[in-house]
1. How large is the Kirkwood hydrodynamic radius of the range 286-360, in angstrom, based on all distinct alpha carbon pairs?
2. Quick check: pseudo-label points 7 Å beyond the Cα along Cα→Cβ at Glu167 and Ser258, how many nm apart are they?
3. Tell me which residues come under 5 Å, amide H to amide H, from Leu147 once H is placed; ignore anything under 5 positions away on its chain.
4. Stretched out fully, how many nm does the piece from Glu295 to Val328 gain, at 0.36 nm a residue minus the Cα gap?
5. Would you mind getting me the FRET efficiency between Asp211 and Asp47? Use the beta-carbon distance for r and R0 = 25 Å, nearest 0.05.
6. Mind checking which of Asn77, Asn176, Asn291 has the largest fluctuation in a GNM of the chain, springs on alpha carbons under 10 Å?
7. Carbon and sulfur: what percent of the chain's accessible surface (1.4 Å probe)?
8. Note down the nm distance, to one decimal, between modelled labels 7 Å out along Cα→Cβ at Val88 and at Ser64.
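The values are calculated or read from the model by the stated rules, or taken from the named source; none is laboratory data. Because the structure is a prediction, the values reported are computed rather than measured. In this analysis, Cβ positions are derived from the backbone assuming ideal geometry, glycine residues included, and neighbour counts consider all displayed protein chains. Quick note on the areas: whole protein, heavy atoms, side chains included, nothing else; ligands and nucleic acids left out. Shrake-Rupley method; radii C 1.70, N 1.55, O 1.52, S 1.80 Å.
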Amino acid sequence: MSHLNTEKSKIKVGILLSGGVDSAVALYLLLKDGYDVTAYHMKTVRDELYITKEIKHKVCCSPSDTYDAQMIAKKFNVPIKIVHIEDVFKEKIVNYFINENLLGRTPNPCFFCNDYIKFGIVMDIALNDGMDYIASGHYARIIDGKLYKAVDDAKDQSYFLASIKKEKLSKILLPNGNYSKDEIRKIAQEQGIHVAQKIDSQDLCFLPDNDLKGFFADHNVVVEPGNIITTEGKILGKHEGLPFYTIGQRKLGIAAGSKLYVKTKNVDGNFIVVAPVEELYEKHMTVSNINWYLEEISTEFRATVKIRKKFKEIACNVKHVDGRLQVVFDEPAFGVTPGQIAVFYDNSQVLCAGVITSRK
């Protein structure tokens, strides 16, 4: 943060305070560094959802998170602003999630939430309030206006942050990017932050019970069952609805007699094609809706690419043709999934990101 020339005590930073340990320590680190900090806590879905649903996994934005955020802000004597964005979140994120599923794709709501919501609407609110910068507890680094992986590769969140537009990076601070998770928890413990051992959020905030079937029913979306077939066209059984399956999934709910995985989903015919694992490896993919971080957009370049958060990076050759990226993997990639996000790296630097549109 040495690039800031003004006295830090005069620099106003809005911290996205979720109520978890990461953003709490980020707030502490900003104060320790001398910034004038204001907390912003998002409400993406109405509290009634968490009251009426059984919370099976830790999710963000719940009533308990709001309480924790207020306690953290009080502890460090910083003002906190509760930002209600339930309606726009439903329009931009929840509806996107529904529509992508109905089109047979596998969406990534958290990726687009960072662009549209956290570093979109909430960032704009903070800047309009007079903040000079927006900060969060994400594990990534911004160096000279470029996005890099975090020092702690195991906790790196650059994959999800790669939706943020390049011109916004100069207004974003990520204090946790140079720390490991263990170090962050240790700081929280030393500072007496009450959420020091709070577990991390794991699932979608609008699916606290992890019940996808109930979610579609609540939104009056009819999901029809259909056939599960082999690549030769043999019907093996019934699926419960295309949105409940993703490419590479093995759990099918049928007795197939051998290990089979979802290879493709056909929306027009409402059927799922399954195949042995060796048939789920691809050498190519096409990526659209590109968010560039390169100073000059190359027509062809080498990179490594991550096609899901928990997948290993694969070296590849990339051609930029008519606004799309045509990717050839150095080694076959398992479960290339339309709708998911591809993030391209040069070592630890993010080069660009986009949506996987096909496996050709």
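1. 12.1
2. Here the modelled spin labels are 5.5 nm apart.
3. Correct list: Val350.
4. Answer, rounded to one decimal: 9.6 nm.
5. Working from the Cβ atoms, E equals 0.85.
6. Highest fluctuation of the listed residues: Asn77.
7. Numbers: 8220 of 16920 Å².
Ligands and nucleic acids excluded, carbon and sulfur give 49 percent.
8. Simple spin-label model gives 2.9 nm for this pair.
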